[in-house]
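Read the structure below first, then the notes.
The values are calculated or read from the model by the stated rules, or taken from the named source; none is laboratory data. Nothing here was measured: the structure is a model prediction, and the numbers come from that model. Glycine gets a Cβ as well: all are built from the backbone with ideal geometry, and neighbour counts include every protein chain shown. Just so you know, the surface numbers come from the protein's heavy atoms only, side chains and all, with ligands and any DNA or RNA stripped out. Shrake-Rupley method; radii C 1.70, N 1.55, O 1.52, S 1.80 Å.
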Amino acid sequence: MLGKLSKSNSHTDYVCQIHGPGEVAAPPSPADYAFGTFVRIPVDAEHTDLIGIIYDTVLLNPELGNLGPRLSPPSDLAFFSPDYLAEKVTLVGITVVGMLAPDGTPTHGVPPLAAQIDAPVARMEDDAVRAFHRTPVGSVQAGYAPLLLALGSPLARYLLLRVIGDLEILFPTQTAALGVLRNELAWQAAIGPLGGGL
Amino acid sequence: MTMPTPLGITRGPGESPHEYTLITPDRSETARVGEFVTYTARIAGETCQVLGRITGRQPVRLLPHGFLANPEVPPEDVAALVGYTGQAHDLFEITVTILGYYDSVLGDFINPRLPPRPGTPIYLADNDLLARVLSKRALKQTGAAHIGSLLSREEGRVPIAIDLRAVTSTHLAVIASTGAGKSYLAGVLVEELMHPRNRAAVLIIDPHGEYGTLVQMAHHPAFTSNTDGYHPTINIIRPNDVKVCISTLTLGDLRYLLPDLSERMHYVLGRAYGLVRRKYGDRWTLAQFRLAVTEAEREIDGKKGADEEPSGSEDAGSSGTAGALIWRINSRLESSRIFNDFTSLPLPDLFQPGQCTVLQLNEVDQREQQVVVATLLRRLLQARMNTEKNLVGEGDDTYLPYPAFVLIEEAHNFAPASADLVSSQILKTILSEGRKFGVAVGLISQRPGKLDADVLSQCMTQFILRIVNPIDQNRVAESVESVGRDLLKELPALSKGQAIIAGAGVNTPVLCRVRKRITDHGAEDVDAPAHWLEWFTKGRVEQQSRDQALLAEYTRGKRKLHKS
């Protein structure tokens, strides 16, 4: 378990608070919520899971800006006011890119259902990611790619590049088409801003 | 009866008032440039089918170039990868030029001056509709010449028949690069002219001897009438049989024929010509003309002597003028197998309804060809004028009581843009006045750029086959006003046997696939490699080496043969 949803910016854009030390028995390591990690968010037990991708990370520190003198040094605060330290959290942005039905049927694109506040966010294992991207005929699909690019974020192309890189590992027989898409995105991300055409 | 599926939906008006655009997925790939489409409109309370021709086709939905980066990966696979699973993604914007609705009373298209509303469904025009409205004449009607079928449809589905009445009154031109099939098309045209339903009086000026195979028409069942037993007569006149009576030559002809005339020679020639015509009228001989030359010079000298005192040197020069002129006349006319004193090709032998005369001018000097054609056309026009004005009657040499059609191959040699030849003048006269007297010409040229622009522009029906040369394309664009720019763009892309037919003979310019000829084509290229190979298969090399071998010499005593 990575954390829980603490906020949403839109129907598909959520903010997840990563479990900190002491909140759960085994808090996630930074590699678990890395940029481009696929996560699942249960909507309800009967229906389905929302599938999202971590597209941003924000470190929240309430102490930032408090430059005045402290009554207690941080080492004492850990002993006397542990709650205060717990307010330093890591937030990750999640963009929802599809759904996975209980029977394993994936749907790419904007899901009709929204997640609930405090919904748990879990990292998807490789098999689940593979299942989410596999078409009925066994080929790979990333139908949410236009959705990611439409985010308008400067990181969107890099996010998609990262996802495609992961998919090339998960689908070693499908690298030809993925390679064409990766090259196109790499060109747009790397050469396009420098004035490269098309 | 099921309703046909629309080709596409009108998007809006085009750049000009008589254009509109439509959007179509064109899954059946029928929206080709030159294809005809139609929509239904209410005009003056009646439902009309408004015909239009596709003049442009632009894809409006393209895959990103990057998707095409790997030739081994279909771009559709990449599109499917990012979630596009639509089967046919192509969409095209088609530009259509409105021709109008066909008015059977006027026999022409009337432009509604109103493009279709956006959203109007556009259909591919029906074959039957096109067959009815593109050609001025029905296929088997008198005056119809079946040239082929509409190129954008299956062969034979939409026959194209030109109106011979329009062609034989307003002339035609066949223009094409070498090897594009102009002689073949001309052959088809002649076949139609000689068909039992038309029975034309046709003369073909054939500088290359390509039309000899038309003789097959004489006994071919396709050209035989079941009702009255008509079959065409084919009269092939070989180069040796081409005769022109010297007295039919004009002063211009003589000046053109005789080489390198000085100013004085021109003057003497003019005087002599006037003299011989005053003395002998329209019938004079070469000997009489020579005498007239001598007499003319004497007259000039006498007049000069009376006016002024000639110097000795001038006198000596002038005395040689007649001799030099006569020498030129003899070298050009006396030794010619064409020009003679008494015989010309009789017009009634050349022109008869139901007769195709092929005047073969191969092996004839080009200047002589031009004069032969000029005299013939001049006589033809004069005969028709005299007949129409009732100046001559039956039995006269110049009585020709029916229209005539003359097809001229290599027309740029007879009316070039760069020079004003004897044949240019009479051609221009016929092109401008011939329709009044039923004299029509068909000009065939592979170099429209070299053809006189006035001549080309007065041929009101045009058959244009493949033209690659930009100069020739420009000349066609300048001179042929009835063909739109959109069709002219097709010229380099036409294949052999495909032609644009435009002008008075059809209701609207069409891309046509020329039909197969019934007779054989007589202008096949020489298969040089086959002939070269044949040389070796007949043992000719051995024979040649035997023939060219050096003679063996027998040396006495040594009893040995050796080559010297």
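Between B:Ala324 and B:Arg298, the contour length at 0.36 nm per residue exceeds the alpha carbon distance by 7.9 nm.
For B:Gln58 and A:Leu71, what does the FRET efficiency come to when R0 = 51 Å and r is the distance between their Cβ atoms, rounded to the nearest 0.05? With a Förster radius of 51 Å, E is 0.10.
The mean number of partner chain beta-carbon atoms within 10 angstrom of a residue's beta-carbon across peptide A:180-191 is 3.
In the stretch B:360-411 the Cα-Cα distances spread across 5 Å bins starting at 0 as 4, 19, 24, 18, 13, 12, 7, 1 percent of all pairs.
The accessible-area ordering, largest first, of the residues B:Trp327, B:Trp284 stands as B:Trp327, B:Trp284, per a 1.4 angstrom probe.
Quantify, in whole percent, the carbon and sulfur part of the accessible surface of chain B (1.4 Å probe; protein heavy atoms only).
C and S atoms contribute 51 percent here.
Which of the peptides B:370-377, B:492-499, B:48-55 is most tightly packed, and how do the rest follow, judged by the mean count of other Cβ atoms within 10 Å per residue? Can you show the working numbers first?
Numbers: B:370-377: 24.6, B:492-499: 16.6, B:48-55: 21.5.
Final packing ranking: B:370-377, B:48-55, B:492-499.
What the pair-distance distribution of the stretch B:1-42 shows, using all Cα-Cα distances binned every 5 Å from zero, is 5, 16, 27, 30, 14, 6, 1, 0 percent.
With the charge dipole of the stretch A:44-134 set up from +1 on Lys and Arg Cβ and -1 on Asp and Glu Cβ about the Cα centre, the Cα lying farthest toward the positive end among the listed residues A:Pro69, A:Gly98, A:Met124 is that of A:Pro69. In the structure shown, the pairs B:Lys140/B:Lys243; B:Lys436/B:Lys496; B:Lys136/B:Lys243; B:Lys450/B:Lys516; B:Lys436/B:Lys516; B:Lys136/B:Lys182 are assessed against 32 Å; a Cα-Cα span above that value is assigned to B:Lys140/B:Lys243; B:Lys436/B:Lys496; B:Lys136/B:Lys243; B:Lys436/B:Lys516.
For every helix of n ≥ 4 consecutive DSSP H residues, a contribution of -39,500 (n - 2.57) applies; sum these over chain B, divide by its total residues, and give [θ] at 222 nm rounded to the nearest 500 deg cm²/dmol.
Values: 16 runs with 179 residues, N = 564.
That calculation yields -9500 deg cm²/dmol at 222 nm.
The orientation-averaged projection of the convex hull spanning the C-alpha atoms of the stretch A:1-148 amounts to 10.6 square nanometres. The figure for B:Asp527 is an accessible area of roughly 80 square angstrom, using a 1.4 Å probe on the protein chains alone. Remark: accessible surface ordering of B:Thr233, A:Thr95, B:Thr227, B:Thr294 (largest first) is B:Thr227, B:Thr233, B:Thr294, A:Thr95, probe radius 1.4 Å. Ordering B:62-72, B:540-550 by mean Cβ neighbour count within 10 Å, with the highest value first, yields B:62-72, B:540-550. Bridge orientation summary for the protein assembly as shown: considering DSSP beta bridges with both residues in this region, about 75 percent are antiparallel. Heavy-atom accessible area for A:Glu87, with the other protein chains in place and a 1.4 Å probe, reaches approximately 100 Å². Short to long, the 20 Å bins of the Cα pair-distance histogram for chain B hold 17, 38, 27, 14, 4, 0 percent of all pairs. By accessible area, using a 1.4 Å probe on protein heavy atoms only, the stretch A:55-169 has 60% of its surface on carbon and sulfur. Measuring r between the beta carbons of A:Ser153 and B:Val468 and using R0 = 56 Å, the FRET efficiency lands at 0.55. Placing unit charges on each Cβ (+1 for Lys and Arg, -1 for Asp and Glu) gives the stretch B:55-132 a dipole about its Cα centre, and among B:Tyr84, B:Val105, B:Val73 the Cα reaching farthest toward its positive end belongs to B:Val105. Annotation: B:Lys136 carries an accessible surface of approximately 80 Å², with a 1.4 Å probe and no ligand, DNA or RNA atoms counted. With R₀ set to 56 Å, the beta-carbon distance separating A:Thr57 from B:Arg117 gives a calculated FRET efficiency near 0.50. Buried on complex formation within the stretch B:72-87 (loss of at least 20 square angstrom of accessible surface versus the isolated chain, 1.4 Å probe, ligands and nucleic acids ignored): B:Val73, B:Val78, B:Leu81, B:Val82. Computed on protein heavy atoms with a 1.4 Å probe, the accessible areas place B:Thr178, B:Thr213 in the order B:Thr178, B:Thr213, largest first.
Quick one: Debye curve from the C-alpha atoms of the protein assembly as shown, no solvent, what's log10 I(q)/I(0) at q = 0.09, 0.10 Å⁻¹? Per q value, in the given order, log10 I(q)/I(0) is -0.96, -1.06.
Can you compute the charge dipole magnitude of the stretch A:80-178 about its Cα centre, using +1 on each Lys and Arg Cβ and -1 on each Asp and Glu Cβ, nothing else charged? Give it in debye, rounded to the nearest 20.
It works out to roughly 320 debye.
Computed from Cα positions, the angle between helix A:175-186 and the longest principal axis of chain A comes to roughly 60 degrees. Put a plus charge on the Cβ of each Lys and Arg, a minus charge on the Cβ of each Asp and Glu, and nothing anywhere else: the dipole of chain B about its Cα centre is then about 860 debye. Taking square-rooted eigenvalues a ≥ b ≥ c of the alpha carbon gyration tensor, is the stretch B:127-230 rounded, prolate or oblate, where a/c under 1.5 means rounded and, failing that, a/b exceeding b/c means prolate? Oblate is the answer for the stretch B:127-230, as a/c is 1.5 or above yet b/c matches or exceeds a/b. In this assembly, the A-B interface accounts for approximately 1000 Å² of buried accessible surface in total, computed with a 1.4 Å probe and without ligands, DNA or RNA. Shielding by partners for peptide B:340-348, expressed as the average number of C-beta atoms from other protein chains within 10 Å of each residue's C-beta, is 0. Residues in the stretch A:17-118 average 58 Å² of solvent-accessible surface per residue, probe 1.4 Å, ligands and nucleic acids excluded.
For the stretch A:128-177, a drop of 40 Å² or more in accessible area on going from the chain alone to the assembled protein chains (1.4 Å probe) is found at A:Ala177. Counting only whole DSSP H helices of chain B, the ones at least 15 Å long by C-alpha along their axis and with mean Kyte-Doolittle hydropathy no lower than 0.5 are B:182-193. Per residue, the stretch B:384-481 exposes 40 Å² of solvent-accessible protein surface, assessed with a 1.4 angstrom probe and all protein chains in place. Assuming charge only on the beta carbon of Lys and Arg (+1) and of Asp and Glu (-1), the dipole of chain A about its Cα centre is about 500 debye to the nearest 20.
In whole angstrom, the stretch B:179-301 maps to an equivalent ellipsoid with semi-axes of 46, 17, 11, each derived as √(5λ) from the alpha carbon gyration tensor and ordered largest first.
Pull out the extension gain between B:Asn70 and B:Lys140, defined as 0.36 nm times the separation in residues minus the alpha carbon to alpha carbon distance; nm, one decimal.
Between B:Asn70 and B:Lys140, full extension yields an extra 19.6 nm.
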